[in-house]
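Trainee: One structure is given below, represented as structure tokens, and several questions about it will come after.
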Amino acid sequence: MRLPRNAHDPIPCGFSRDRIFSEAATFASGIGFAVGTPAVSLLAKMGGKTSIMNGLADVVIGSMPSEDSDCLVVYGERDFLVLLKPSDNPDLARANLEVAKAIGHYVLHSPKVREKHGADAGLIVRHYPKTSQEELCQREAVQFAFGLLAPLDRLKAEWEHTGGDLKKLREMFRMPLELLEALYQECAVPTA
């Protein structure tokens with residue numbers, strides 16, 4: 001795997017959770033993304049591709065990423081690589097979330113890196129954050145992924161329609177059950 005010559009760690013966008021959800025909705029509308037569509041289907045439209053994280057090394061020793069594994073490499077605008085674990089199938093909910101998180105990094109953090117380091121600046125995102133700045137970027141990317149895959153208004157409506165049937169909701173939103181439930185509990189239920 002080649003690396004960008006002018007590569008940098010992600011820079012937080014500093015947006016609130018609600019603003020990130022709004023950014024995800026705007027992005028989804030602009031690219032024609034429909035809830036339930038595999039996130040990997042967006043990559044070609046955006047100039048992205050997928051590959052296997054750490055290549056042969058992870059296949060031989062197992063599918064867990066090391067602390068030095070990268071999950072996203074951005075070479076430039078419309079040129080990036082989402083790295084998946086060898087065991088990840090993009091059609092499954094967990095991998096779908098990982099791809100959506102990588103898209104979140106690309107949408108939220110690539111512009112910040114280019115703004116600070118120049119138009120030719122690349123971005124490399126580690127699978128496991130090592131600094132507080134990387135942890136903040138990871139949270140922002142996760143929020144973007146949630147907003148992309150399960151917009152809150154749609155999640156509330158479908159939750160009520162299915163009576164909270166997590167298996168149906170997982171199929172609909174292509175997200176892990178426990179995350180759908182947590183997202184609904186945290187964001188969709190009014191607090192007293």
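Trainee: Return the residues of the range 54-82 that are at pLDDT 90 or above and open to solvent by 40 Å² or more (accessible area, probe 1.4 Å); say none if nothing qualifies.
Mentor: Result: ASP79, single match.
Trainee: Separate question: With (1) within 23 Å of ASP9 (Cβ to Cβ); (2) in a loop (DSSP other than H, G, I, E, B) as the list, and GLU140 as the residue in question, which single condition is left unmet?
Mentor: It is condition (2) that GLU140 fails.
Trainee: Quick one: how many residues across the range 122-168 are more than 22 Å from PHE27 (Cα to Cα) and hydrophobic (A, V, I, L, M, F, W, C)?
Mentor: Number satisfying all stated conditions: 2.
Trainee: If I filter the range 14-38 down to residues being in contact with a Pro (Cβ under 8 Å, 6 or more places away or on another chain) and hydrophobic (A, V, I, L, M, F, W, C), which single residue comes out as nearest to LEU123 (Cα to Cα)?
Mentor: Step by step, filter the range 14-38, then rank; the result is ALA24.
Trainee: Could you pull out the residue among ALA192, ALA182, ALA119, ALA95 that is small (Gly, Ala, Ser), modelled with pLDDT under 95, assigned to a helix (DSSP H, G or I) and out of contact with any Leu (no Cβ under 9 Å at 6 or more places or on another chain)?
Mentor: Among ALA192, ALA182, ALA119, ALA95, only ALA182 is small (Gly, Ala, Ser), modelled with pLDDT under 95, assigned to a helix (DSSP H, G or I) and out of contact with any Leu (no Cβ under 9 Å at 6 or more places or on another chain).
Trainee: Then there is this: Scan the range 7-34 residue by residue and report those that are open to solvent by 40 Å² or more (accessible area, probe 1.4 Å) and part of a loop (DSSP other than H, G, I, E, B).
Mentor: ASP9, GLY14, PHE15, SER16, GLY32, ALA34
Trainee: With (1) closer than 30 Å to TYR75 by Cα; (2) in a helix (DSSP H, G or I) as the list, and LEU155 as the residue in question, which single condition is left unmet?
Mentor: (1)
Trainee: Go through the range 23-40 and count every residue that is within 15 Å of the chain's Cα centre (by Cα) and of a type in the set (Ser, Thr, Tyr).
Mentor: 1
Trainee: Would the range 41-49 turn up any residue that is assigned to a loop (DSSP other than H, G, I, E, B), within 14 Å of the chain's Cα centre (by Cα) and modelled with pLDDT of 85 or more?
Mentor: No: the range 41-49 contains no residue that is assigned to a loop (DSSP other than H, G, I, E, B), within 14 Å of the chain's Cα centre (by Cα) and modelled with pLDDT of 85 or more.
Trainee: With the structure loaded, tell me whether LYS85 is among the charged types (D, E, K, R) and at pLDDT 90 or above or whether it fails that test.
Mentor: no
Trainee: While we're here: If you check every pair at least six apart or on different chains, which have Cβ atoms under 7 Å apart with a residue in the range 2-18 that is β-branched (Val, Ile, Thr) first and a residue that is at pLDDT 95 or above second?
Mentor: Listed pairs, sorted by first residue: ILE11/HIS109; ILE11/LYS112; ILE11/VAL113; ILE11/LYS116.
Trainee: Here is a check on your reading of the model: is GLN143 open to solvent by 40 Å² or more (accessible area, probe 1.4 Å), at pLDDT 95 or above, of a type outside the set (Lys, Arg) and under 11 Å from the mean Cα position of the chain (by Cα)?
Mentor: yes
The values are calculated or read from the model by the stated rules, or taken from the named source; none is laboratory data. Nothing here was measured: the structure is a model prediction, and the numbers come from that model. Don't worry about glycine lacking a Cβ; one is built from the backbone with ideal geometry, like all the others, and counts go over all protein chains shown. Ligands, DNA and RNA are excluded from the accessible area calculation, which covers all protein heavy atoms including side chains. Shrake-Rupley method; radii C 1.70, N 1.55, O 1.52, S 1.80 Å.
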